[in-house]
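The values are calculated or read from the model by the stated rules, or taken from the named source; none is laboratory data. Bear in mind that the values here come from a model prediction, so they are computed numbers and not experimental data. When we count neighbours, we look across all protein chains shown, and the Cβ atoms used for this are built from the backbone with ideal geometry, even at glycine. The area values use the complete protein model at the heavy-atom level, side chains included, leaving out ligands, DNA and RNA. Shrake-Rupley method; radii C 1.70, N 1.55, O 1.52, S 1.80 Å.
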Amino acid sequence: MLTIWLRNEQTVCPLTFSVRRTIRRSARGAFRMLGQKGHHAVSVLVCDNAAIKELNEQWRGIDKATDVLSFPMEDGEKIIGDIVLSLEKAYEQAEEYGHSPAREIGFLTVHSMLHLYGYDHIEEEDRVKMRVMEEKILTKLKLLRG
């Protein structure tokens with residue numbers, strides 16, 4: 001079972017019931033598809049571009065807004081880590097990529113969950129593995145492109 005602590009610290013985009021449900025479904029879908037067992041927890045902070053830009057600069061040294069940040073827990077057994085998602089950026093990217101906000105929010109949540117469980121996309125081989133797993137999870141959740 002995955003407990004999700006969801007906190008909203010932005011006022012740019014409404015954090016509707018539908019958005020909350022998409023985040024929870026996506027995180028739990030990734031958890032299940034990765035074969036995780038037992039009781040775990042993840043925190044999800046929903047913010048805007050300004051807040052995530054600050055965090056991106058602080059933690060990665062990159063002075064620009066990003067879409068999602070993942071902070072795995074060191075030696076975390078029950079608490080797997082923190083996700084910071086810019087809802088503002090998610091809506092921008094959904095429009096840019098021509099798919100629904102639900103698909104983009106789901107993608108960013110799944111992407112971040114995979115990071116928390118050790119997936120990465122620095123090396124091409126790892127990037128391909130991560131993309132395959134993302135699409136597998138999103139397809140199962142019926143969060144399709146377009």
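Laid out as a table, the results:
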item	result
From the options 80, 52, residue that is in contact with a strand residue (DSSP E or B) (Cβ under 7 Å, 6 or more places away or on another chain), of a type in the set (A, V, I, L, M), at pLDDT below 95 and within 23 Å of residue 104 (Cα to Cα)	80
Any chance residue 129 is surrounded by fewer than 19 Cβ atoms within 10 Å (Cβ to Cβ) and out of contact with any helix residue (DSSP H, G or I) (no Cβ under 8 Å at 6 or more places or on another chain)	yes
Only one of 41, 27 that is under 16 Å from residue 81 (Cβ atoms), assigned to a helix (DSSP H, G or I) and in contact with a Ser or Thr (Cβ under 6 Å, 6 or more places away or on another chain)	27
Matching residues, the range 21-42, being within 12 Å of the chain's Cα centre (by Cα) and open to solvent by 30 Å² or more (accessible area, probe 1.4 Å)	24, 25, 28
Subset of the range 85-99 [touching a helix residue (DSSP H, G or I) at 6+ places or on another chain (Cβ under 6 Å), open to solvent by less than 50 Å² (accessible area, probe 1.4 Å) and either assigned to a helix (DSSP H, G or I) or modelled with pLDDT under 95 (or both)]	88, 89, 90, 93, 94
Criterion violated by residue 66 - all others in (1) free of Cβ contacts under 8 Å to residues at least 24 places away in the same chain; (2) more than 17 Å from residue 107 (Cα to Cα) satisfied	(2)
Positions within the range 132-146 being assigned to a helix (DSSP H, G or I), charged (D, E, K, R) and either touching a Gly at 6+ places or on another chain (Cβ under 6 Å) or surrounded by fewer than 17 Cβ atoms within 10 Å (Cβ to Cβ) (or both), in sequence order	135, 136, 140
In the range 100-126, the residues that are of a type in the set (Ser, Thr, Tyr) and either open to solvent by less than 20 Å² (accessible area, probe 1.4 Å) or under 20 Å from residue 51 (Cα atoms) (or both)	109, 112
Index of the failed condition, residue 16 passing every other in (1) closer than 29 Å to residue 146 by Cβ; (2) buried (at least 16 other Cβ atoms within 10 Å of the Cβ); (3) among the β-branched types (Val, Ile, Thr)	(2)
